[in-house]
Every structure is written in structure tokens, then in C-alpha cells.
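Chemist: One structure, as C-alpha cells, below. Some questions next.
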């Protein structure tokens, strides 16, 4: 399978009433089969960046490209794990509906394919359960199944482990890691949790005031513990504020 690379090039985005741009000439890249973490304080531009990559927001200047293609194609943006799903419909019904409308052809996804993706995210035994009865972790996994069934090449996760208990968080991290590698996804996530970042990230971009403050590669992350990472983070963010 050919490696795909997503490039964000000098992305600039402003909103009315803001004293500075939400994104200020930001450039970054992410490769298929790898998890890229975007980390920064509240208001740094993390969610805006995900919205720009997904196509929900248009840039004022700059571009987003995957390999030689302009645009990002199909993507999944998990801003709120429960928002947008039909709570009284089952996991299987939600998966089949949203995956079908997410495909370029718009054709209904075959039932056996839906079953395959539910099994891939360990939800096969919850197929007939209404979404409102699922835990938050299960709903996060259902969203991933919808993205994969939609044949998405991008998985965009905005603080995906927030609110999950230790068991669900660990299970979710392991699932994202294995699916990213197995299906050669371009996975980009934001998080405030050092454990999630260090467990998942193949590379980390520290972002502050709409700009990249520092990039940490996998080799650097492997030797960092929780305390070391926090030190790297605070030093990089402080330097951009000077």
C-alpha cells in the first residue's frame, strides 16, 4: 500500500473579534500508518486545525494536501462522541446509515461489511444495542467503525480519551494504534493527557498561539517519561510567549 502524506502548508485562519489568528502560518505533516499528536494549551488552535484539515473550515491562506492531491478527501472528525448519532437507533443502524452517506457513491453499505467493522472495533456483541445505552468509550469506537466503513483515509480525534476510565482509555489507545497501522490511516489527535500522547504518538507537534512551537519525533518520545514530557511542553510553550 502506497504511503500517503498529509501536508498543512502555512495555514492561516482568523475569526472576527479575535486579537490574533487562530492559525498563524502553521505548517505540519502527517504520514499514513502513524499517529500524529497535536498538543497545546486551550485556545492554541488545535481544534481549528482539525476542522481545517477535515474541510469543515476554509483557510484564509495556505493549503491542505494529501500526497499529490488537493484537499483531504473523506475524513472523520470526532469532536463530541455522542453528537450527531441517533440515540434510539442501534449501533448497527447508525453505522450503516452514516457510513453509507459518507461514501462517495452514497450506496448502502452491505450488512456483512457493517458486521466486519463492528467486529474490528470490538462492538459485534453490541450491534443491536441503542446508542443511548452505550458507554462513551463504545461510542468512540463506533465512530471509528463509521469512519473505516466510510473508507476514510483520515482519522481525526479531538481529545478522544477525555471522560474514559482507565480500562476504556487503554482499550481505545490500543485500538487506534492497531487500526492505524493495519489500515495505513493518517491519524491525527489532540490531547491534554501525557499518557495518551506518549502511548500513541509517533510524533508530537507542540502548538501555541496558532504556530508550531516544537516537533518531537518517535525516537525522542521513547526516552521521555511523564515528567520529562511535561517539561518539554512547558518550556516550548513558554518560549513562544516571550
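The values are calculated or read from the model by the stated rules, or taken from the named source; none is laboratory data. Source: prediction; values computed, not measured. No Cβ is skipped: glycine too gets one built from the backbone with ideal geometry, and neighbour counts run over all protein chains shown.
Chemist: So, in the stretch 164-189, how many residues would count as being in contact (Cβ under 8 Å) with a residue 60 or more places away in the chain, surrounded by fewer than 23 Cβ atoms within 10 Å (Cβ to Cβ) and farther than 19 Å from residue 118 by Cα? Write out each step before concluding.
Modeler: Within the stretch 164-189, the first condition is being in contact (Cβ under 8 Å) with a residue 60 or more places away in the chain, and the residues that meet it are 176-177, 180-181, 184-189.
Subset that is surrounded by fewer than 23 Cβ atoms within 10 Å (Cβ to Cβ): 177, 180-181, 184.
Next, only the ones that are farther than 19 Å from residue 118 by Cα stay: none.
Looking only at that region, the number is 0.
Chemist: Quick test of your reading of the structure: residue 83 fulfils all but one of (1) part of a loop (DSSP other than H, G, I, E, B); (2) modelled with pLDDT under 90; (3) in contact with a helix residue (DSSP H, G or I) (Cβ under 9 Å, 6 or more places away or on another chain). Name the failing condition by number.
Modeler: For residue 83, the failing item is (3).
Chemist: Would you point out which residue out of 133, 145, 149 is closer than 15 Å to residue 93 by Cα, more than 13 Å from the chain's Cα centre (by Cα) and free of Cβ contacts under 8 Å to residues at least 40 places away in the same chain? First the steps, then the outcome.
Modeler: Details: 145 fails: free of Cβ contacts under 8 Å to residues at least 40 places away in the same chain; 149 fails: free of Cβ contacts under 8 Å to residues at least 40 places away in the same chain.
Every option except 133 fails the conditions.
Chemist: The conditions are (1) free of Cβ contacts under 8 Å to residues at least 12 places away in the same chain; (2) within 21 Å of the chain's Cα centre (by Cα), and residue 223 fails exactly one of them. Which is it?
Modeler: Only one criterion is unmet by residue 223, namely (2).
Here is a yes/no grid of residues against (1) at negative phi; (2) part of a strand (DSSP E or B):
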site: 3; (1), (2): yes, no
site: 8; (1), (2): yes, yes
site: 25; (1), (2): no, yes
site: 52; (1), (2): yes, no
site: 64; (1), (2): yes, yes
